[in-house]
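Accompanying notes for the structure given below.
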């Protein structure tokens, strides 16, 4: 095959990809082109008559036209509280891809049941949601000592279509817990156990914070609360401990310097004294307003009191009148009536609080001691009701004609106000009340604008506004004992299932190479060149990546000694509106798109390798490589879609069509 035939073949294949007809080929030809008219590359659309294999090319260095901004070049860390927003589409010009609240499209939809295929999801991965949820009803390799939970309800939806709503296990199974160290659960007689149902009501724990947030933001819209006003404007007693400079926004972003927790329930005798103690709490050790991230129940307790003070109404009335009532969330509220107990999932055995097995009352000790209603915990709900709440946010603050928040307010909720703290507090990404981009439970649904929240009882919601997808997982993981462990492994597994249900189709058709999904993994894909690269050679390939930022990396490497040693190589990634240069590796959000990638190979290169390394837990959607072509001054060096397709050496990589 001649060089002309190779380039022409490559152009035909790329023209079916994401870059448009001939764009990738034109860039590759530019890299190999010379100033002399006889050997200069053609314009896009011009007949392709490139140099013959082995023809000497004089002129600019390979890669001269391939440079882009380096990773991080010209990108300064924002200050805490500064808005970091993306454009509204088409504005990206260079640097690693970004997305912000301005890129989110709100589309008004009303929930309905349907099949995965109706919204482009792969049914086999949607089916795994139930399979994986059931697996955690017993000990598993990643949760070996006890079951992850006694039961669970899951609900998954995309584009307003509920594609799966399932219940597994039991809502009430145990009567108490045996002594340490065994902590064996004492099971109720079979006829007294309560099976899990789709409409089981759960103690949401900290997901309650989102409802407090919405109530507060409605007051912001009305002008009765200012986000950047000091809390003491509304709660003068909050000044105790030198907290005069803490703002309302800091409460919502957990940057006010408040301690994470205080045992109010056991330290003070009455609800009034407990509330007063929460407001008077001093700063956490070494903390100051806006200079650290500490996830704080006390901050949301204060916010709940603040909205009560401003409106003159109890929090439970505000949530009912302004959120759950208009949305017709009929199974959501605080302090559920005794008549509903048979529908409620039990939580924990708490003999230390003289409560026995908690069932039908709020699990959180402080919320319980505050009368069952607090800004940080206390709300009960079902998966179906929470689906309405999630869809309301995806709709831009509206559902079935009920406007809860303005679209602009929902966008404000998705701004990462803690970006300036990220280097010191990697898990600090927060909007207004919302957690952002948390791979430890969002997995492949994560992105800089993916949002959600978890609850200590085993609850979680994950919302991906880019694909208009959400996942609700409600479990009773503290039943019968919190010491049985976290349910994060199940949260990640189900989020991964739903993420994989959205296919990544190879741009050239057929299959692409995909790195295996493994924690603490090291996967390598090696392409041995036909001969050592001459003085000028360029590798071209398609790349799709989405990984856990900072912790999971895809490295680009070359070897000049047959794979004995490896060195990093820069790769230029080209998109429709810009290009950028990755200095040896990529990590994090990849734009959920295929990139045309080019690498200038050092003279003497014998092998090209992609090495994907992951940490001990949490991953993104993964990495894919396709359509490798290596061409140099000494001819065609590798054709991954041609005769060299079988010459790859793959360790931890497999062909995938999705």
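Going through the stretch 585-607 one residue at a time, which ones are farther than 23 Å from residue 447 by Cβ and either outside the structural domain of residue 529 (by TED's automatic domain parsing) or buried (at least 16 other Cβ atoms within 10 Å of the Cβ) (or both)?
598, 599, 600, 601, 605, 606, 607
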| Mind checking which residues of the stretch 337-353 are buried (at least 21 other Cβ atoms within 10 Å of the Cβ) and part of a loop (DSSP other than H, G, I, E, B)? | 345, 346, 347, 348
| field | Spans of strands (runs of 3 or more DSSP E) in the stretch 613-652 with at least 1 residues buried (at least 23 other Cβ atoms within 10 Å of the Cβ) | value | 622-632, 635-639
| task | Give the residue, chosen from 553, 508, that is within 20 Å of residue 589 (Cα to Cα) and surrounded by fewer than 24 Cβ atoms within 10 Å (Cβ to Cβ). | result | 553
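Checking the structure you have, find out if any residue of the stretch 564-583 is touching a helix residue (DSSP H, G or I) at 6+ places or on another chain (Cβ under 7 Å) and in contact (Cβ under 8 Å) with a residue 24 or more places away in the chain.
yes
To keep it simple, each residue is scored yes or no on (1) part of a helix (DSSP H, G or I); (2) closer than 30 Å to residue 330 by Cα; (3) in contact (Cβ under 8 Å) with a residue 40 or more places away in the chain.
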| site | (1), (2), (3) |
| --- | --- |
| 148 | no, yes, yes |
| 163 | no, yes, yes |
| 168 | no, yes, no |
| 214 | yes, yes, yes |
| Of all residues in the stretch 170-207, which are within 30 Å of residue 125 (Cβ to Cβ) and not in a loop (DSSP other than H, G, I, E, B)? | 170, 171, 195, 201, 202, 203, 205, 206, 207
| If only one of 235, 129 is crowded, with 18+ Cβ neighbours inside 10 Å and under 28 Å from residue 297 (Cα atoms), which one is it? | 235
| request: Go through the stretch 584-606 residue by residue and tally those that are touching a residue at least 60 places away in the same chain (Cβ under 8 Å) and farther than 15 Å from residue 557 by Cα. | output: 8
| Residue identified as modelled with pLDDT of 95 or more, out of contact with any strand residue (DSSP E or B) (no Cβ under 7 Å at 6 or more places or on another chain) and more than 21 Å from residue 368 (Cβ to Cβ) among 255, 247 | 255
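With over 32 Å from the mean Cα position of the chain (by Cα) and farther than 21 Å from residue 389 by Cβ as the only criterion, which of 277, 229, 260 stands out?
The unique qualifying residue is 277.
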| query | What's the number of the condition residue 273 fails, among (1) under 27 Å from residue 451 (Cβ atoms); (2) surrounded by fewer than 16 Cβ atoms within 10 Å (Cβ to Cβ)? | reply | (1)
| Do we find that residue 106 is within 26 Å of residue 393 (Cα to Cα) and at pLDDT 95 or above in this structure? | yes
| message | Take the conditions surrounded by fewer than 17 Cβ atoms within 10 Å (Cβ to Cβ), touching a strand residue (DSSP E or B) at 6+ places or on another chain (Cβ under 7 Å), under 30 Å from residue 444 (Cβ atoms) and outside the structural domain of residue 496 (by TED's automatic domain parsing) and apply them to residue 576. Does it pass? | response | no
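The values are calculated or read from the model by the stated rules, or taken from the named source; none is laboratory data. Given the structure is predicted, the values throughout are model-derived calculations rather than measurements. Heads up, the Cβs are rebuilt from the backbone with ideal geometry, glycines too, and the neighbour counts pull from every protein chain shown.
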